[in-house]
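Encoded as structure tokens, the structure appears first; notes follow it.
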Amino acid sequence: MTLAEKLACVERALRIRKQTYPGYVLRRRMTKKQANREIVLMAEIVEDYRELLDEENSRKTLKFVLETGPFHNDETQHLLSNPVNAESLLRSIAELNAGHGVEFDPRKKDDKK
């Protein structure tokens with residue numbers, strides 16, 4: 001099973017819990033505290049899988065860029081040989097993939113978006 005499939009599964013489980021647990025509480029099959037705890041727990045698992053999937057996608061993107069892009073050179077390979085630098089780059093790629101980037105063209109001196 002892929003991370004994407006696992007994420008979809010736990011997202012479904014979270015939706016089902018949110019739909020069914022209020023009825024369980026009304027029928028006294030579980031307490032409100034138990035229901036809330038189970039929902040929060042599943043929400044945290046969903047977030048964990050989202051982060052894992054983002055990291056996996058970042059690694060794939062990094063691998064592709066390094067193998068095919070203009071950064072396939074000894075200097076970049078040297079920088080990435082340090083685990084701290086590699087992790088920082090992976091985080092940056094994940095942020096870009098999540099849409100948190102700012103376009104910048106280094107050839108334009110006035111580009112300050």
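Every number here is computed from the coordinates shown, using simple stated rules; none is lab data. Treat the numbers as computed from the prediction; the structure is a model and nothing was measured. Glycine gets a Cβ as well: all are built from the backbone with ideal geometry, and neighbour counts include every protein chain shown.
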For the residues 7, 52, what sequence is obtained by ranking on other C-beta atoms within 10 Å, fewest first? 52, 7
Exposure-ranked with fewest Cβ neighbours within 10 Å first, 41, 62 stand as 41, 62
What trypsin sites (Lys or Arg not before Pro) in segment 1-36 are in a loop by DSSP, with at most 13 other Cβ atoms within 10 Å of the Cβ? 27, 28, 29
Tell me, in nm to one decimal, what length is gained between residue 28 and residue 88 on full extension, where the rule is 0.36 nm per residue of separation less the Cα-Cα distance? 16.8 nm
Mind checking the full-extension length gain between residue 63 and residue 41? Use 0.36 nm per residue of separation minus the Cα-Cα distance, one decimal, nm. 4.6 nm
